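I have placed the structure first, in the form of structure tokens, so that the comments after it can refer back to it.
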Amino acid sequence: MTVKNVACEINVALNGRTLEASIIGDWVLDAQIPSLDIVLAQIGDGSTINRLVFSTEELGRWDSMLMTELIRLIDYGAKQGVQVDITTLPEGIHGLLDLVYAVPERVGARREEVKAPWLEVIGKAGLRTVKDSNALITFVGEITQSIIALIRGRARFRGVDLWRNIQDCGPSALPIVTLISLLVGLILAFVGAIQLALFGAQIYIADLVGLGMTREMGGLMAAIIMSGRTGAAYAAQLGTMQVNSEIDALKTMGFEPMEFLVLPRILALILIMPLLCLYADLMGIVGGSLVTVGFFDVSLLEYFKRTADAVHLKDLTIGVVKCAIFGVLIALSGCMRGMQCGRSASAVGEAATSAVVTGIVFIVIADSLMTVICNRLGV
């Protein structure tokens, strides 16, 4: 038979400098425990009261929940110099309180937060950077060996794994790439139109969108999408294999994890990223045409003719090469964090998060360097 709890509450009454706390109802774990803030506030006012007593005439059932709240009141009263009278509490509570306070808390038992000195923080950051750099160099070296084995025809991985990875990071990614690229093209067109409309030069929106998408934004946005989508997936997949000891099993059976697991994923991104870049360029140009044709006095034929005149093979090549390099960086960051994953569920989540952050950082740094190089070379 289920026992229905009687609502618990605590009422306070001030009698001179004595505070009487009346405990009412069932104080059990599944009950809605009232807040003790009003009692604690009055205990903290040492100028008003110097003694706390309890009334338990209307107390019903109780368990460890009541003990927890009583210990909280007793400790706070002792800290504020208020005398706490527990003689009116039930005998069972007396016995438990005797056990609680029989052995005082050991000094230093509670962990205290110690602020590390700035030199220690810098030192730990430096050591962590060196460790990550060594791990990156080691991983790149192992991947290089796997690629050399592939060129020599000695790499061992299943062709079906390569095609499955191509499917995952290619056709499956088209919807999100389509949406983001269209929106980026719309944004570029609106941003350019604000200034160009002042001079009646709306036709040059096509130049802005075409060059912006092909040289920079198409490949960059596709890379950022794939970093959050595919890079994190690679890290989670390989991290889960680490947790389940599947990678250890592969080593036991004589398979090299770098060749069997990592190489197909890297090849898939290297092959797919240039194609995704071209597709993102096209969607961005289409998005720009929606703004130019829909809001300004420019025909669709004029827009695409202007785009064809402004965008050259050199611009497409720069964007595709950038995106291919981005694909390598995304695959490296995702697979590296997955292979470095720990043996717990939380480690898998941390690996996926770290893969996204690492991939985006690599992409931004690489894009900045390549843009500077292209500028210095005049291309």
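Any read-out appearing in this document is the output of simple, stated calculations on the displayed coordinates, not a laboratory observation. Note that the structure is predicted; figures quoted are calculated from it, not measured. With ideal geometry, Cβ positions are generated from the backbone for all residues, glycine too; neighbour counts draw on all protein chains shown.
What the table below lists for this structure:
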item: Dipole of the chain, positive end: most advanced residue of TRP62, GLY170, VAL12 [Cβ charges, Cα centre]; result: GLY170
item: Cα-based equivalent ellipsoid, segment 297-368: semi-axes from gyration tensor eigenvalues, Å; result: 40, 14, 8
item: Hydrodynamic radius by Kirkwood, which averages 1/r over all alpha carbon pairs of segment 255-379, in angstrom; result: 17.2
item: For TYR303, TYR279, order by how many other beta-carbon atoms lie within 10 Å, fewest first; result: TYR279, TYR303
item: Relative contact order, percent, segment 9-100 [alpha-carbon distance under 8 Å, six or more residues apart]; result: 30
item: Net charge of neighbours whose Cβ lies under 11 Å from the Cβ of SER35, counting Lys and Arg as +1 and Asp and Glu as -1; result: -3
item: Selection from VAL379, THR48, VAL320 lying farthest towards where the dipole of the chain points positive, charges on Cβ; result: VAL379
item: Modelled FRET efficiency - R0 51 Å, ALA197 with LEU40, Cβ distances, 0.05 increments; result: 0.20
item: Around VAL184: net Lys/Arg minus Asp/Glu count, Cβ-Cβ under 12 Å; result: -2
item: Debye, to nearest 20: dipole size of segment 9-100, +1 on Lys, Arg Cβ, -1 on Asp, Glu Cβ; result: 360
item: Additional length obtainable on full extension of the chain from ASP63 to ILE147, 0.36 nm per residue less Cα span; result: 23.6 nm
item: Gained length - LYS131 relative to ALA310, 0.36 nm times residue gap less alpha-carbon distance; result: 59.8 nm
item: Largest-first principal axis extents, alpha carbons of segment 96-210, Å; result: 85, 58, 40
item: Cα gyration tensor of segment 9-100 - equivalent ellipsoid semi-axes, whole Å, descending; result: 21, 14, 12
item: Residue exposure sequence - VAL262, VAL121, VAL311 - by fewest surrounding Cβ within 10 Å; result: VAL121, VAL311, VAL262
item: 3J(HN,Hα) from dihedral phi, segment 225-241, Karplus parametrisation 6.51/-1.76/1.60, rounded to Hz, x for glycine, proline; result: 4, 5, 5, x, 8, 8, x, 5, 5, 4, 4, 5, 5, 5, x, 5, 5
item: Pairwise label distance in nanometres, ASP75 with LEU174, each label 7 Å out on the Cα-Cβ vector; result: 6.3
item: Exposure proxy order (Cβ contacts within 10 Å, fewest to most) of TRP27, TRP62, TRP163, TRP118; result: TRP118, TRP163, TRP62, TRP27
item: Above-threshold pairs, the threshold being 31 Å between Cα atoms, out of LYS124/LYS322; LYS131/LYS251; LYS131/LYS322; result: LYS124/LYS322
item: Mean Cα-pair separation over length for segment 136-377, i.e. relative contact order, pairs under 8 Å, 6 or more apart, %; result: 33
item: Positive dipole terminus of segment 136-377, leading residue within MET339, ALA233, GLN195 (C-beta point charges); result: MET339
item: Dipole magnitude of the chain, debye to nearest 20 (Cβ charges: Lys/Arg +1, Asp/Glu -1, about Cα centre); result: 1840
item: Cα pair distances of the chain binned at 20 Å [whole percent]; result: 21, 29, 23, 24, 4
item: Net charge, VAL364 excluded, C-beta distance under 15 Å - Lys, Arg +1, Asp, Glu -1; result: -1
item: Gap separating the Cα centres of segment 80-95 and segment 318-356, nearest whole Å; result: 60
item: MRE, 222 nm, helices only [DSSP H, n ≥ 4, -39500 (n - 2.57), over the chain, to nearest 500]; result: -21500 deg cm²/dmol
